[in-house]
Every structure is written in structure tokens, then in C-alpha cells.
Amino acid sequence: MTEWIKKLHIYAGLLSFTAFCVWGIAGIHGTILPDPRGRQPPAGAVRYVDFTAPGNLPDQQVADRIVETLKLPFTRTGKKPQRDEQHHLSMTYYTPNGRRRLVLLEEENKVRIEVIQTSIWGFLSNLHAATLLHSQPAWPLKMWSLYNEFSIWSVLFLTLTGVYLWLATRPGLLWARYTLAASSGVLILYYVVVR
Amino acid sequence: MYRLMRNAHLILGLVFVLFLMVYGVSSLRVARRGWFPGQPARTESRVKVDPSVATNGRALGLVLMREHGLRGDLFQVQDTEEGFSLNIWHPGTNYEIRYSRQSGEAVIGTRRQDFVGMLMGLHVTYGLWHDDWLHNLWGVFLLLLSAGLFLLGATGIYLWFKTYEERVIGSVLLGVGLVYGLTFLILTRQLG
């Protein structure tokens, strides 16, 4: 039994290693980020494409038509459009690679596409949170989400089997007991104080 | 060396075991929202704050923290027709505050999450820039846990590699995880 659990512990850890690295990077990235209240969003790259809005369609259908025409990654129809301060129809998509904003300039028959590309660290940070809860709009992201979700189960499995393996093989280690007691104490105390 | 690595793996695991459970269970809540139907409990209270003290949203927030026991980060401070509104958040609890200059009264709506919601609140707390030092302390825990994940991984890989009978199947699994994970990371990034 213990031998099999040890095998599964090793296998689960090896399979999920890549996800754990991404999670570790996301945690470090989140820690070193400056205060978001003082952070200015970087200027995005802007380009324009021709688009004439049919005059007989409501906003939602025009928005869907824009998405269908442009076929930008991570965008899909059905997103509720907004009106910006100049009353332009606009849609904002938050993708793993950054923010994309589409603005319909009806008088000019154009769509302005603003792309704010996130850094590689921000990208990994975004991906660490990807799950299958929301149907992901791009298949590579869906495949990553599958792996990420497997790794969530894996970390729970590794945690429980890790404790089991310790108790099954070296239960008498005093320093291990003290370590667990101390770390648990710190977390429980923190929980109680914050709660 | 093997003994050292084995002990290091164990001690790291035991230091972070509950922290990993916090992140693991809260991640499950994200991934399987329907399994955790709990809704936050909402209560409302009212307190009087002199308009000469509550000159703006931030000043009001500080008064509520200092004199009425609220704690956390101030955000969404906005002017309203009556006065201003703001939120004070700490893991598991969000205070939605509306203040009327005319009546000098602050209405405090308190949303308190259940246990798993509280874990979720801890999960999304990061950084060292918070008003509340407890949030910054969690930021330190997160940094240590993140570094700990790498160390757990590195020591785990060493221990696996020294387990000779698991080398072949382990190499395949490690390779599959790396190739699969990196492939879809790169493809997602390449989509632009």
C-alpha cells in the first residue's frame, strides 16, 4: 500500500511539475508587483480596420458582427457591448495575453483595435488561474486549463499522500512533528486574527 | 546527500502543507464553483461620523478603521450625490460603505464569506503594498510558498532520480508534463 502511494506521489508530482513552476512564478510575480493603485496601464498598440456597421441592426448584433469579421484570438460573440464617453460602441476583452479593446467608429467606418500586451510574467500569472469553469475561447487555452485543473487535484493529492508517507515511514521524527505544529499554528493564528 | 534531500523535502512539505491546502481547496472552488454553493452572509449597521472629520472617502475609511474596528484595504472610493462610497476589504470580508454628509451617517454593509470563501480571499491576497500589514504578511507567506514550490519540486525530482526503478516511467511522465504544458503555453502566447 505505502509503496503504491509513494509511486503515485512521484508520478503525480512529475506530471504536474510544469504547472507548479507556473504557479511559483505567478506567486513571485504577484509579490513583487507594485501597488496597483499607483500603476498606470501601459499604452496599447492601436490599429484600424475597415468596418461598416449595418444600419438596421441593434448594438449587440453589430458587436457580434465585428467579432465575426475580425476573428481576433480570444474574442467571441455574445459579449455585451458598452458605449464609451464619445458614445462609440466598444467591447473589452481580457485575454491571457493582455487587454484588447474594440471601438466602433461608425462615422469613419472603422474599428479601432487597442492591444495592451502583457509581459511574459503577467501571461504566466494569467494562465495560472485558467480552469475549465469558463468555456475557454481558444483550444490551446482549453488544453492548458485541462492540465492546470489536473494539477489542482494533483497538489491536493500530493499534500495528503505526502503526510501519509511521512506518518507511514518516519512517524517518530520529532523535528518533523514540531515543524508541522509550528507551521499549522502560524496559519491557524493568522486565520483567526484575520477572520 | 540523499538523506539531506529527503529531509529537506519532508520539512518543506510540512512547513507548507496547510498553505498548499488553502490554495488547493480555493482553486477547486474556482474550478468547480457549483460544488461550493455558499453565499456570503450580509449584515448592515449604521454609525454616525461627524462630517468635519469625514471630509472625504479616505478620511471616513480611516475613521471607521480607527474607531469602529473595520480593517483592510480601502478601494473604490467614489463621490456620490449624498457624500461618498467606499469599500474596505480583507480576506473573507467586504465592507460596502455609503456615507451621507447631510445626516452624517455611514451605512456599512458587511459581506462575510463562509470558510471556503475565506480561503478564496486568502488565495487572491498578494503583494506587499497593502494598507493592512496583515495583508502584507500574507504576501510574505505567498512569496515563501512560491519559492517553496520550486524547492519542493527540485528536491522531489532529485529523490525520484535516485529511485532507480522509477527512472524510466518517471522520465516519461516528466517529459509528457513538460511537453504538454509548454506546448500549450507557447501556443496560447502565440495566438497574440
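Tabulated values for the structure
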quantity: Among the residues listed as B:V47, B:V30, the single one being farther than 14 Å from B:L145 by Cβ, touching an Asp or Glu at 6+ places or on another chain (Cβ under 8 Å) and either crowded, with 16+ Cβ neighbours inside 10 Å or of a type in the set (K, R) (or both); calculated: B:V47
quantity: Positions within region B:152-175 being among the aromatic types (F, W, Y) and facing chain A (nearest Cβ under 7 Å), in sequence order; calculated: B:W160
quantity: Qualifying residue in region A:10-30 (condition: part of a loop (DSSP other than H, G, I, E, B) and either free of Cβ contacts under 8 Å to residues at least 60 places away in the same chain or polar (S, T, N, Q) (or both)); calculated: no
quantity: Condition broken by B:I11, with the remaining ones in (1) touching an Asp or Glu at 6+ places or on another chain (Cβ under 7 Å); (2) without any contact (Cβ under 8 Å) to a residue 60 or more places away in the chain satisfied; calculated: (1)
quantity: Of residues in region B:81-95 being open to solvent by 10 Å² or more (accessible area, probe 1.4 Å) and out of contact with any Lys or Arg (no Cβ under 7 Å at 6 or more places or on another chain), the one nearest to B:L122 (Cα to Cα); calculated: B:W89
quantity: Members of region A:87-131 found to be facing chain B (nearest Cβ under 9 Å) and either assigned to a strand (DSSP E or B) or of a type outside the set (V, I, T) (or both), listed by number; calculated: A:T95, A:P96, A:N97, A:V115, A:Q117, A:F123, A:L124, A:L127, A:A129, A:A130
quantity: Residues that are in contact (Cβ under 8 Å) with a residue 40 or more places away in the chain and closer than 25 Å to B:G61 by Cβ, drawn from region B:113-140; calculated: B:Q113, B:G117, B:M120, B:L122, B:H123, B:H130, B:D131, B:D132, B:L134, B:H135, B:W138
quantity: Enumeration of residues in region A:85-97 that are surrounded by fewer than 20 Cβ atoms within 10 Å (Cβ to Cβ) and under 18 Å from the mean Cα position of the chain (by Cα); calculated: A:T92, A:Y93, A:Y94
quantity: Residue match in region B:145-167 (condition: among the hydrophobic types (A, V, I, L, M, F, W, C), under 14 Å from the mean Cα position of the chain (by Cα) and at pLDDT 95 or above); calculated: yes
quantity: A:W153 vs. criteria outside any loop (DSSP other than H, G, I, E, B), facing chain B (nearest Cβ under 9 Å) and under 29 Å from A:Y11 (Cα atoms); calculated: yes
quantity: Of residues in region B:109-151 being of a type in the set (G, A, S) and open to solvent by less than 10 Å² (accessible area, probe 1.4 Å), the one farthest from the other protein chains (Cβ to nearest Cβ); calculated: B:G109
quantity: Qualifying positions in region B:181-190 - open to solvent by 60 Å² or more (accessible area, probe 1.4 Å) and within 7 Å of chain A (Cβ to nearest Cβ); calculated: B:L182, B:L187
quantity: Count of residues meeting criterion [assigned to a helix (DSSP H, G or I) and open to solvent by 50 Å² or more (accessible area, probe 1.4 Å)] in region A:37-74; calculated: 8
quantity: Failed condition for A:A176, given (1) among the small types (G, A, S); (2) more than 8 Å from chain B (Cβ to nearest Cβ); (3) in a helix (DSSP H, G or I); calculated: (2)
quantity: For B:R58: the one exception among (1) in a helix (DSSP H, G or I); (2) of a type outside the set (S, T, Y); (3) more than 14 Å from chain A (Cβ to nearest Cβ); (4) over 30 Å from A:L187 (Cβ atoms); calculated: (3)
quantity: Some residue of region A:37-46 being modelled with pLDDT of 90 or more and over 25 Å from B:F75 (Cα atoms); calculated: yes
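The values are calculated or read from the model by the stated rules, or taken from the named source; none is laboratory data. Since we're looking at a predicted model, the values are computed, not measured. Here the Cβ is made from the backbone with ideal geometry for all residues, glycine too, and neighbour counts use every protein chain on show. The protein model used for the area step is the full one, side chains on, heavy atoms only, and it has no ligands, DNA or RNA in it. Shrake-Rupley method; radii C 1.70, N 1.55, O 1.52, S 1.80 Å.
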